[in-house]
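Structure record follows, encoded as structure tokens.
Rule-based calculations on the coordinates, nothing more; no lab input. For clarity, every value in this text was computed on a predicted model and none was experimentally measured. Every residue, glycine as well, gets a Cβ built from its backbone with ideal geometry; the counts of neighbours run over all protein chains shown.
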Amino acid sequence: MLLPMLTTLDTTLTTARLRLRTITEHDLVDLYQVFSDDEVTYFLPYITWTDMLAAKSWYARVLDDAAARSALQLVLEEQASGKVIGTIILFRFDAECARAELGYALNREYWHGGYMREALQALLPHAFNELGLHRIEAEVDTRNAPSAKLLRSLGFNEEGLMRQRWKMKGEYKDTWFFGMLAGGGEQAKS
């Protein structure tokens, strides 16, 4: 059973430069620019989009996951331009443990500008305080040092290395496993 409050974001989260909001079909045009870039999708578990049919198929899965209460997909909309520049997803909800997994992607043109940090600094407190999560987890390909650095800087603890955890795009990949508890900051290490 999943937490019912996790299926929708009842308010738009606003930061200095961004709005985090539930995805709509209209966003696919901007998201195509994100997910049709091989560098963006390199560490992601799905293939690079090559046409709008791939985008629409992905969106159909997003809607199915929302209906099943198994994921909450948000977009990062730049306030100044109204352009959607990335996504954040909370998924693999475990209601009994009040736990979910975190994933994200950002248009390469916006890398190293602090946009994902800004978005996560808004989403994480909301996920813990308003959505009632106790723990958020993330897996990061060991070759994706910028993503691991971001999570560490936000207060996630690196909890272990999972060797050859996923087979993606024909290759086994090691992942670092990260976790953050409600209240953030340093967590006790066992």
For this session: Pull out a ≥ b ≥ c, the square roots of the eigenvalues of the alpha-carbon gyration tensor of the range 68-115, then state rounded if a/c is under 1.5, prolate if not and a/b is larger than b/c, and oblate in the remaining case.
Result: prolate
Problem set entry | Tail fraction, Cα-Cα pairs, the range 4-134, threshold 23 Å, whole percent | 29
Exercise. Which of MET116, MET168, MET180 moves most in a GNM of the chain, Cα contacts under 10 Å?
Worked result: MET168
Problem set entry | Label-point gap, in nm, between LYS149 and SER36 - each point 7 angstrom along Cα→Cβ | 3.0
Exercise. Looking at the P(r) of the range 95-168, how many percent of alpha-carbon pairs lie beyond 19 Å?
Worked result: 41
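Restricting to DSSP loop positions (anything but H, G, I, E, B) with no more than 15 other Cβ atoms inside 10 Å of their own Cβ, which trypsin sites (Lys or Arg not before Pro) remain in the range 86-170? Each step should come with its number before you reach the end.
Numbers: sites: ARG92, ARG99, ARG108, ARG117, ARG135, ARG143, LYS149, ARG152, ARG163, ARG165, LYS167, LYS169; in loops: ARG143, LYS169.
In loop regions of the range 86-170 (DSSP not H, G, I, E or B), the sparsely surrounded trypsin sites (Lys or Arg not before Pro) are ARG143, LYS169.
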